[in-house]
Amino acid sequence: MTANTGIRPLGALCASLIGAAYGPTTCVIVAAAGFLVQLLTILLSPVPRLVRLPTAAPGADVSQGARRVSDQGAPGLAAAPAGD
C-alpha cells in the first residue's frame, strides 16, 4: 500500500513538470503510456494466472502481519485476540 500511495506525489510532480514544459496533450500521452506499462506489467506477471492466493510456507509466522493490519484500524477487520 505504501508503494502505491507513496508514489502519487512523485507522479503529480512529474505530470506538472511535463504539462508545464510540453503542454497538456503531451502530458496526457505520457500518462496513457504509463498506464499501458502498468497494464503490461500486470498481464505479463503470474498474477492473472492465479487461481487462489498462495498459502504461507510451513512454519512461517503470519500472525504478526495479521495483527499489524488489524491494528491499523482497517475497515471491516477486527483486532486480533490477545494471547495468540
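Structure notes:
- Screening SER16, SER45 for residues that are part of a loop (DSSP other than H, G, I, E, B) and surrounded by 10 or more Cβ atoms within 10 Å (Cβ to Cβ) leaves exactly one candidate, SER45.
- Selection from the stretch 19-42 of residues that are small (Gly, Ala, Ser) and either part of a helix (DSSP H, G or I) or in contact (Cβ under 8 Å) with a residue 24 or more places away in the chain (or both): GLY19, ALA20, ALA21, ALA31, ALA32, ALA33, GLY34
- Condition check for ALA74: part of a loop (DSSP other than H, G, I, E, B), under 17 Å from the mean Cα position of the chain (by Cα) and modelled with pLDDT under 75: yes
The values are calculated or read from the model by the stated rules, or taken from the named source; none is laboratory data. Because the structure is predicted, anything quoted here is derived from the model rather than measured. With ideal geometry, Cβ positions are generated from the backbone for all residues, glycine too; neighbour counts draw on all protein chains shown.
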